[in-house]
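Heads up: the structure comes next, in structure tokens.
The values are calculated or read from the model by the stated rules, or taken from the named source; none is laboratory data. All values reported here derive from a predicted model rather than from experimental measurement. Please note: Cβ atoms are built from the backbone with ideal geometry, for glycine as well, and neighbour counts cover all protein chains shown. Surface areas here come from the heavy atoms of the whole protein model, side chains and all, with no ligands, DNA or RNA. Shrake-Rupley method; radii C 1.70, N 1.55, O 1.52, S 1.80 Å.
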Amino acid sequence: MAMGWVAIVPAAGSGTRLGRGEPKALVTLGGRTLLAHALEALRAVGFERIVVAVPAERIAAIQAVLSPYSSETAVAGGATRSASVRLAFAALDPRAGDVVCIHDAARPFVSAAEIAEVMRSAERGGAAVAATPIVDTVKRVEGGHVAATVERAGLWAAATPQAFRGDLLRQALSAGDEAT
């Protein structure tokens with residue numbers, strides 16, 4: 001079965017933790033939104049289709065930005081990242097053999113090469129995720145006190161892109177669990 005590459009961009013987050021009034025995907029960096037940076041990297045990879053999950057009140061504005069790209073569409077996101085991914089996945093309706101990339105709009109520093117490597121890894125193994133080794137000191141806290149320093153050897157911080165064969169992602173999403 002031939003595999004196509006398709007993408008979901010969760011971009012419906014409110015940006016509350018940033019202390020901003022606009023959705024975090026629309027925060028500017030270097031004169032362009034975080035969403036624009038993420039889409040630029042995804043476009044360079046050459047996805048067949050891209051679905052962007054955005055706040056419901058921003059669909060028209062985001063769709064206008066996407067309009068030059070006939071393979072891109074905006075849909076209303078959900079209250080959580082998982083809900084947004086589910087809604088975008090339903091709109092994307094990937095074929096079983098497609099590889100689905102999920103890349104958060106709030107992660108603007110990804111390169112096309114990194115995305116492509118995650119996609120190729122998912123083609124081979126069914127799923128893949130971008131990650132970096134943890135270099136920070138990590139503490140386990142119990143009752144408001146440091147209980148232990150966690151050994152960081154072998155620990156990795158997962159990020160996006162994350163990629164899955166369409167059939168595997170459909171099965172995982174149908175389980176109904178909240179996941180990142």
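Solvent-accessible area assigned to carbon and sulfur over segment 55-180 amounts to 56 percent, based on a 1.4 Å probe.
Given N residues in segment 71-154, what is its alpha carbon radius of gyration divided by 2.2 N^0.38 Å?
1.50
Please give the contour-minus-distance gain from Val141 to Glu40: 0.36 nm per residue of separation, less the Cα-Cα distance, rounded to one decimal in nm.
Full extension from Val141 to Glu40 adds 32.4 nm.
The heavy atoms of Arg107 offer some 100 square angstrom of accessible surface to a 1.4 angstrom probe. What residues of segment 41-57 lie in the reach of a label at Arg95, counting those whose backbone N is under 17 Å from a point 7 Å from the Cα along Cα→Cβ? So the set is 47-50. Across the chain, the convex hull enclosing all Cα atoms gives 150 Å³ per residue.
Take every DSSP beta bridge whose two residues both sit in the chain; close to 55 percent of them are antiparallel. When all protein chains stay in place and ligands, DNA and RNA are ignored, the 1.4 Å accessible-area order of Phe109, Phe47, Phe164, largest first, is Phe109, Phe164, Phe47. When you filter the trypsin sites (Lys or Arg not before Pro) in segment 135-180 for DSSP loop state and at most 14 other Cβ atoms inside 10 Å of their Cβ, you are left with Arg152.
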